[in-house]
Amino acid sequence: AEALVRGIDENGRIIAPDHFIGELEKSGEIRDLDLYVLNRALFLMDQWREEGIEPIRISVNFSRVTLFHATTLASILAVQSRYPRLPAGLLELEITESAGNIEKAALTDVMEQLRRHGIIFSLDDFGSQYANISIFTNVRFDVVKLDRSMISGLAENSISQMLVRDIVHIGETCGIDCVAEGVETSEQRAALLEAGCLYAQGYYYDRPMPAEQFKA
(Lines give C-alpha, C1' and ligand atoms only; values in the text may rest on other atoms or scores of the structure.)
Protein backbone atom coordinates (compact mmCIF):
# COMPACT_ATOMS: atom_id res chain seq x y z
CA ALA A 1 0.00 0.00 0.00
CA GLU A 2 1.01 3.62 -0.43
CA ALA A 3 0.07 6.43 1.96
CA LEU A 4 -1.32 9.34 -0.05
CA VAL A 5 -1.94 12.96 0.93
CA ARG A 6 -4.82 15.15 -0.18
CA GLY A 7 -5.77 18.69 0.79
CA ILE A 8 -9.25 19.98 1.63
CA ASP A 9 -10.32 23.53 0.81
CA GLU A 10 -12.76 25.71 2.79
CA ASN A 11 -15.67 24.20 0.86
CA GLY A 12 -14.69 20.65 1.67
CA ARG A 13 -13.41 19.86 -1.81
CA ILE A 14 -10.40 17.60 -2.32
CA ILE A 15 -7.18 19.33 -3.45
CA ALA A 16 -4.58 17.32 -5.39
CA PRO A 17 -1.05 17.39 -3.91
CA ASP A 18 0.33 19.11 -7.02
CA HIS A 19 -1.42 22.27 -5.82
CA PHE A 20 0.25 22.52 -2.41
CA ILE A 21 3.34 20.29 -2.14
CA GLY A 22 5.54 22.80 -3.99
CA GLU A 23 4.66 25.59 -1.58
CA LEU A 24 5.28 23.35 1.42
CA GLU A 25 8.70 22.45 0.03
CA LYS A 26 9.59 26.12 -0.40
CA SER A 27 8.54 26.97 3.15
CA GLY A 28 10.11 23.86 4.69
CA GLU A 29 6.77 22.78 6.13
CA ILE A 30 6.86 19.66 3.94
CA ARG A 31 9.01 18.04 6.64
CA ASP A 32 6.16 18.30 9.17
CA LEU A 33 3.78 16.74 6.66
CA ASP A 34 6.17 13.91 5.74
CA LEU A 35 6.77 12.99 9.38
CA TYR A 36 3.05 13.18 10.14
CA VAL A 37 2.24 10.76 7.31
CA LEU A 38 5.08 8.49 8.44
CA ASN A 39 3.70 8.37 11.98
CA ARG A 40 0.15 7.82 10.72
CA ALA A 41 1.21 4.91 8.49
CA LEU A 42 3.04 3.20 11.35
CA PHE A 43 0.11 3.85 13.68
CA LEU A 44 -2.27 2.13 11.26
CA MET A 45 0.04 -0.85 10.81
CA ASP A 46 0.38 -1.23 14.58
CA GLN A 47 -3.37 -0.92 15.03
CA TRP A 48 -3.98 -3.63 12.43
CA ARG A 49 -1.41 -5.85 14.16
CA GLU A 50 -3.29 -5.49 17.47
CA GLU A 51 -6.52 -6.45 15.68
CA GLY A 52 -4.89 -9.67 14.46
CA ILE A 53 -4.43 -8.46 10.89
CA GLU A 54 -1.00 -9.21 9.47
CA PRO A 55 0.59 -5.82 8.67
CA ILE A 56 1.67 -5.15 5.12
CA ARG A 57 4.36 -2.83 3.87
CA ILE A 58 3.26 0.77 3.44
CA SER A 59 5.29 3.24 1.41
CA VAL A 60 5.54 6.89 2.43
CA ASN A 61 6.71 9.67 0.14
CA PHE A 62 9.64 11.71 1.43
CA SER A 63 10.63 15.04 -0.05
CA ARG A 64 14.33 15.70 -0.56
CA VAL A 65 13.82 18.66 1.79
CA THR A 66 12.89 16.19 4.51
CA LEU A 67 15.45 13.60 3.55
CA PHE A 68 18.39 15.99 3.85
CA HIS A 69 17.29 17.81 6.98
CA ALA A 70 19.92 17.55 9.73
CA THR A 71 17.52 15.97 12.24
CA THR A 72 15.61 13.63 9.92
CA LEU A 73 17.40 10.44 11.00
CA ALA A 74 16.70 11.15 14.66
CA SER A 75 13.10 12.11 13.86
CA ILE A 76 12.43 8.89 11.92
CA LEU A 77 13.96 6.74 14.65
CA ALA A 78 11.91 8.60 17.26
CA VAL A 79 8.72 7.86 15.34
CA GLN A 80 9.70 4.22 14.86
CA SER A 81 10.40 3.84 18.59
CA ARG A 82 6.70 4.42 19.30
CA TYR A 83 5.91 1.13 17.59
CA PRO A 84 8.51 -1.37 18.87
CA ARG A 85 6.49 -4.43 17.80
CA LEU A 86 6.52 -3.47 14.11
CA PRO A 87 9.36 -4.86 11.99
CA ALA A 88 11.30 -2.00 10.38
CA GLY A 89 11.11 -3.75 7.02
CA LEU A 90 7.44 -2.80 6.77
CA LEU A 91 8.40 0.83 6.22
CA GLU A 92 9.27 1.95 2.70
CA LEU A 93 10.38 5.49 1.91
CA GLU A 94 9.65 6.68 -1.63
CA ILE A 95 12.18 9.12 -3.02
CA THR A 96 10.72 11.27 -5.80
CA GLU A 97 12.38 11.85 -9.15
CA SER A 98 13.51 15.34 -8.05
CA ALA A 99 16.15 13.59 -5.97
CA GLY A 100 17.96 13.01 -9.26
CA ASN A 101 19.28 16.55 -8.97
CA ILE A 102 21.09 15.73 -5.73
CA GLU A 103 24.70 14.63 -5.45
CA LYS A 104 24.51 10.84 -5.68
CA ALA A 105 27.10 10.25 -2.93
CA ALA A 106 25.14 12.43 -0.52
CA LEU A 107 21.90 10.61 -1.30
CA THR A 108 23.55 7.21 -0.88
CA ASP A 109 25.01 8.25 2.48
CA VAL A 110 21.63 9.34 3.84
CA MET A 111 19.92 6.21 2.57
CA GLU A 112 22.54 3.88 4.01
CA GLN A 113 22.21 5.49 7.44
CA LEU A 114 18.49 4.74 7.41
CA ARG A 115 18.89 1.33 5.78
CA ARG A 116 20.91 0.19 8.82
CA HIS A 117 17.68 0.50 10.76
CA GLY A 118 15.76 -1.78 8.39
CA ILE A 119 14.11 0.88 6.23
CA ILE A 120 13.84 0.12 2.53
CA PHE A 121 13.79 2.63 -0.33
CA SER A 122 11.92 2.97 -3.59
CA LEU A 123 12.62 5.26 -6.53
CA ASP A 124 9.33 6.90 -7.48
CA ASP A 125 8.29 8.07 -10.96
CA PHE A 126 11.08 6.21 -12.73
CA GLY A 127 11.09 7.13 -16.39
CA SER A 128 9.50 10.55 -15.98
CA GLN A 129 12.81 12.41 -16.45
CA TYR A 130 16.21 11.60 -17.89
CA ALA A 131 17.75 12.28 -14.48
CA ASN A 132 16.18 9.05 -13.28
CA ILE A 133 18.54 7.00 -15.43
CA SER A 134 21.52 8.46 -13.60
CA ILE A 135 20.07 7.97 -10.13
CA PHE A 136 18.88 4.44 -11.04
CA THR A 137 22.36 3.38 -12.13
CA ASN A 138 24.29 5.09 -9.32
CA VAL A 139 22.12 4.69 -6.21
CA ARG A 140 20.93 1.34 -4.85
CA PHE A 141 17.17 1.14 -4.39
CA ASP A 142 15.09 -1.79 -3.15
CA VAL A 143 12.08 -0.93 -5.32
CA VAL A 144 11.66 0.98 -8.59
CA LYS A 145 8.23 2.37 -9.44
CA LEU A 146 7.67 2.74 -13.18
CA ASP A 147 6.04 6.08 -13.99
CA ARG A 148 2.56 6.07 -15.51
CA SER A 149 3.98 7.77 -18.63
CA MET A 150 5.72 4.46 -19.42
CA ILE A 151 2.56 2.46 -18.80
CA SER A 152 -0.18 4.48 -20.55
CA GLY A 153 0.54 3.21 -24.08
CA LEU A 154 2.31 0.02 -23.12
CA ALA A 155 -0.19 -2.38 -24.71
CA GLU A 156 0.34 -0.86 -28.18
CA ASN A 157 3.99 0.19 -27.96
CA SER A 158 6.50 -2.60 -28.56
CA ILE A 159 9.46 -0.38 -27.63
CA SER A 160 7.89 0.46 -24.26
CA GLN A 161 7.28 -3.25 -23.73
CA MET A 162 10.95 -4.03 -24.40
CA LEU A 163 12.02 -1.19 -22.09
CA VAL A 164 9.85 -2.46 -19.23
CA ARG A 165 11.10 -6.01 -19.85
CA ASP A 166 14.72 -4.82 -19.66
CA ILE A 167 14.12 -2.85 -16.45
CA VAL A 168 12.41 -5.84 -14.85
CA HIS A 169 15.34 -8.05 -15.89
CA ILE A 170 17.84 -5.61 -14.36
CA GLY A 171 15.73 -5.59 -11.21
CA GLU A 172 15.67 -9.37 -10.99
CA THR A 173 19.43 -9.49 -11.45
CA CYS A 174 20.09 -6.82 -8.82
CA GLY A 175 17.40 -7.76 -6.31
CA ILE A 176 15.15 -4.77 -7.07
CA ASP A 177 11.36 -5.10 -7.22
CA CYS A 178 9.59 -3.27 -10.07
CA VAL A 179 6.14 -1.77 -9.53
CA ALA A 180 4.10 -0.31 -12.41
CA GLU A 181 2.14 2.85 -11.56
CA GLY A 182 -1.02 4.11 -13.23
CA VAL A 183 -2.37 0.78 -14.48
CA GLU A 184 -5.91 1.40 -15.72
CA THR A 185 -6.78 -1.32 -18.24
CA SER A 186 -6.68 -5.10 -18.57
CA GLU A 187 -4.54 -4.64 -21.70
CA GLN A 188 -1.88 -2.80 -19.69
CA ARG A 189 -2.01 -5.50 -17.04
CA ALA A 190 -1.54 -8.24 -19.64
CA ALA A 191 1.38 -6.39 -21.25
CA LEU A 192 3.07 -5.95 -17.87
CA LEU A 193 2.71 -9.63 -17.03
CA GLU A 194 4.10 -10.51 -20.46
CA ALA A 195 7.09 -8.27 -19.69
CA GLY A 196 7.60 -10.00 -16.33
CA CYS A 197 6.36 -7.15 -14.12
CA LEU A 198 4.37 -8.76 -11.31
CA TYR A 199 3.54 -5.73 -9.16
CA ALA A 200 1.25 -2.87 -10.11
CA GLN A 201 -1.02 -0.15 -8.76
CA GLY A 202 -3.66 2.00 -10.38
CA TYR A 203 -7.36 2.52 -11.05
CA TYR A 204 -7.62 -0.91 -12.70
CA TYR A 205 -7.37 -2.38 -9.20
CA ASP A 206 -8.98 0.43 -7.21
CA ARG A 207 -8.97 4.15 -6.54
CA PRO A 208 -7.34 5.71 -3.48
CA MET A 209 -9.49 5.00 -0.43
CA PRO A 210 -9.64 5.70 3.31
CA ALA A 211 -7.59 3.37 5.49
CA GLU A 212 -10.67 1.78 7.09
CA GLN A 213 -12.08 0.87 3.68
CA PHE A 214 -8.71 -0.54 2.59
CA LYS A 215 -8.51 -2.66 5.75
CA ALA A 216 -11.93 -4.17 5.05
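Quarter the surface of the alpha carbon convex hull of the range 37-81 and you get the mean projected area, 3.3 square nanometres. Distance between the pseudo-spin-label points of Ser152 and Asp206 (7 Å out from Cα toward the beta carbon): 2.6 nm. To the nearest ten degrees, helix 104-115 and the longest principal axis of the Cα atoms of the chain are 60 degrees apart. Taking a ≥ b ≥ c as the square roots of the eigenvalues of the Cα gyration tensor, the range 1-105 is oblate, since a/c reaches 1.5 or more and a/b is not larger than b/c.
Multiplying the residue separation of Glu10 and Gln47 by 0.36 nm and subtracting their alpha-carbon distance yields 10.2 nm. Restricting the count to DSSP beta bridges whose residues both fall in the range 116-216, what percent are antiparallel, rounded to a multiple of 5? Of those bridges, close to 0 percent are antiparallel. For Ile58, the residues whose modelled amide H falls within less than 5 Å of its own, excluding neighbours fewer than 5 places apart on the same chain, are Glu92. For the chain, the alpha carbon positions stretch 47, 41, 38 Å along the principal axes, listed from largest to smallest.
Estimated at the nearest 10 Å², the accessible area of Asp125 is 40 Å² with a 1.4 Å probe.
Descending by average beta-carbon neighbour count within 10 Å, the peptides 162-174, 59-71 line up as 59-71, 162-174, the highest first. Based on the reciprocal of the average 1/r between different C-alpha atoms, the Kirkwood radius for the range 113-216 equals 14.5 Å.
The values are calculated or read from the model by the stated rules, or taken from the named source; none is laboratory data. Fair warning: this is a prediction, and the values are worked out from it, not measured in the lab. Virtual Cβ from ideal backbone geometry, glycine too; neighbours counted across all protein chains shown. Accessible surface is based on the protein model in full, side chains and every heavy atom, while ligands, DNA and RNA are left aside. Shrake-Rupley method; radii C 1.70, N 1.55, O 1.52, S 1.80 Å.
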